[in-house]
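The values are calculated or read from the model by the stated rules, or taken from the named source; none is laboratory data. This one's a predicted model, so the numbers in the text were calculated from it and none came from an experiment. Cβ placement follows ideal geometry from the backbone for every residue including glycine, while neighbour counts extend to all protein chains displayed. To get the accessible areas, we keep the full protein, side chains included, count just its heavy atoms, and leave off ligands, DNA and RNA. Shrake-Rupley method; radii C 1.70, N 1.55, O 1.52, S 1.80 Å.
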Amino acid sequence: MTTASPISEQLDEVGSARDAGRKKIDWAFEHMPILSSLRADFQENEPLAGETVGMALHVEAKTAALVETMADAGAEVEITGCNPLSTHDDVSAALDAHPSITSYAKHGVGDTEYYEAIDAVLNHEPTVTVDDGGDLVFRVHEHHPELIDTIVGGTEETTTGVHRLRAMDDDDALEYPVIAVNDTPMKRLFDNVHGTGESSLASIAMTTNLSWAGKDVVVAGYGQCGRGVAKKASGQNANVIVTEIDPRRALEAHMEGYDVMSMSEAAEVGDVFITTTGNRDVIVEDHFEQMQDGVVLANAGHFDIEIDLEALREMAESEQEVRDGVREYELPSGKRINVLAEGRLVNLATPVSLGHPVEVMDQSFGVQAVSIRELVENADDYDAGVHEVPDHLDRKLAEIKLNAEGVELDTLSEEQEEYMTSWQHGT
């Protein structure tokens, strides 16, 4: 089986790339108190000694902080990208310079090279998998089933990946335990809302150089990510329109002051469309025909399936790159539709994107770190399938963050604790 070479063997100026990536990683660590605290503990105790951690993540500076923390915990670490456009080659090169880390991640690879890099990671026979989107776990089960017996468990970072894993679990096809990092409060309440909201809007604005104020912004999906995008867009004086398939989420969006309508209705009035559903075919041919000239389409879901680009290409008379990361499709009517980052994850795949803010990813990667340690130290407690992050670990990370921010909490008195655990107190 053909596999990829480490990034250091693929770059012409590897030394300068490593230096640039090192600066980015060091900056990230300065603003990641949770991961820095865990790193100090992991360096002292090496809870992952003897383990091999295989990762498929967005390889940029904040991710690198997690990767180096895993190496400092005693593990051998191999990593590649989980999106062909989200890798920062300089960060990948800096990671590859670490004696306990091999990075195969490279920006802009095609589908064949993408999966060759995943196979290269798996050829190291990882005992733990760390995934963002589920491609690594799926590849293990479909192409490397011989590894399953020696994998103690894995973690999954994002909503789309958890959906895939739960579908595998429902079909009794998931053959080792995976902790759903995405679903724990320290991830979904902050990463999905504030991280996706802020980074998606920032990436779109930097890529297009357009303002949000006064625009009709259509947000497809009102899950945690959609809530974040809608909230942040509203905060920048956009008029937000939400599309939904779930009646309770639609009602929630309505009660929070947003216009709620079908995508067919929204297509006629929207200026910017941002998909956040994790599902396919959210914006399709019928919608393209209804859109106004000059609209901007962006996807904040994990895979490039939410906008039907194949149909758009077939409809278009011509297409061109009008700005870095912006592809314009001109329809026979003369109407122009602009798609960002090839319909891929807009906060990580545009030429100027930086992903979620550092402080947000500190929380998410802190959850990853303690979940990996939990799987290794308590492997016998986890059967094959999808598992939640233990709540006491999630709460501990919140305490570390609050301490770093200088925020103090109240505590319950003995009388209050007794009252909250008794059924005998009445009116």
>> Can you tell me how many residues within segment 228-239 are surrounded by fewer than 24 Cβ atoms within 10 Å (Cβ to Cβ) and within 24 Å of Met291 (Cβ to Cβ)?
In response: 6
> Thr208 is checked against (1) farther than 15 Å from Ala298 by Cβ; (2) within 23 Å of the chain's Cα centre (by Cα); (3) surrounded by fewer than 20 Cβ atoms within 10 Å (Cβ to Cβ) and fails just one. What number does that condition carry?
Replying inline: (1)
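Kindly establish whether Leu48 is touching a residue at least 40 places away in the same chain (Cβ under 8 Å), among the hydrophobic types (A, V, I, L, M, F, W, C) and either farther than 18 Å from Val367 by Cβ or assigned to a helix (DSSP H, G or I) (or both). I'd like the intermediate steps shown before the answer.
On the way: touching a residue at least 40 places away in the same chain (Cβ under 8 Å): yes; among the hydrophobic types (A, V, I, L, M, F, W, C): yes; either farther than 18 Å from Val367 by Cβ or assigned to a helix (DSSP H, G or I) (or both): no.
No: the conditions fail for Leu48.
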> Any idea how many residues of segment 131-159 are of a type in the set (S, T, N, Q), in contact with a helix residue (DSSP H, G or I) (Cβ under 8 Å, 6 or more places away or on another chain) and either open to solvent by 20 Å² or more (accessible area, probe 1.4 Å) or over 25 Å from Pro390 (Cβ atoms) (or both)?
Replying inline: 2
> Is it true that some residue in segment 173-183 is out of contact with any Phe, Trp or Tyr (no Cβ under 7 Å at 6 or more places or on another chain), buried (at least 19 other Cβ atoms within 10 Å of the Cβ), of a type in the set (A, V, I, L, M, F, W, C) and without any contact (Cβ under 8 Å) to a residue 40 or more places away in the chain?
Replying inline: no
>> Quick check on my filter: what residues within segment 86-120 are aliphatic (A, V, I, L, M), open to solvent by less than 30 Å² (accessible area, probe 1.4 Å), in contact (Cβ under 8 Å) with a residue 60 or more places away in the chain and closer than 19 Å to Lys62 by Cα?
In response: Val91, Ala93, Ala94, Leu95, Ala105
> Looking at Ala250, Ala205, Ala167, which is the one that is assigned to a helix (DSSP H, G or I), of a type outside the set (Asp, Glu), closer than 14 Å to Val272 by Cα and modelled with pLDDT of 95 or more?
Replying inline: Ala205
> Based on what the data block shows, is Asn338 open to solvent by less than 30 Å² (accessible area, probe 1.4 Å), modelled with pLDDT under 95 and not aliphatic (A, V, I, L, M)?
Replying inline: no
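Select from segment 184-193 the residues that are in a helix (DSSP H, G or I) and open to solvent by less than 50 Å² (accessible area, probe 1.4 Å) and list them in ascending order.
Across segment 184-193, the qualifying residues are Pro185, Met186, Lys187, Asp191, Asn192, Val193.
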>> For segment 160-173, give me the residue count where each residue is within 24 Å of Leu345 (Cβ to Cβ) and not small (Gly, Ala, Ser).
In response: 7
> Which condition number in (1) among the hydrophobic types (A, V, I, L, M, F, W, C); (2) more than 25 Å from Phe365 (Cα to Cα); (3) at pLDDT below 95 is the one that Val193 fails?
Replying inline: (2)
> Residues that are touching a residue at least 40 places away in the same chain (Cβ under 8 Å) and touching a strand residue (DSSP E or B) at 6+ places or on another chain (Cβ under 9 Å): which helices (runs of 4 or more DSSP H) entirely in segment 335-427 hold 2 or more of them?
Replying inline: 346-349, 358-377
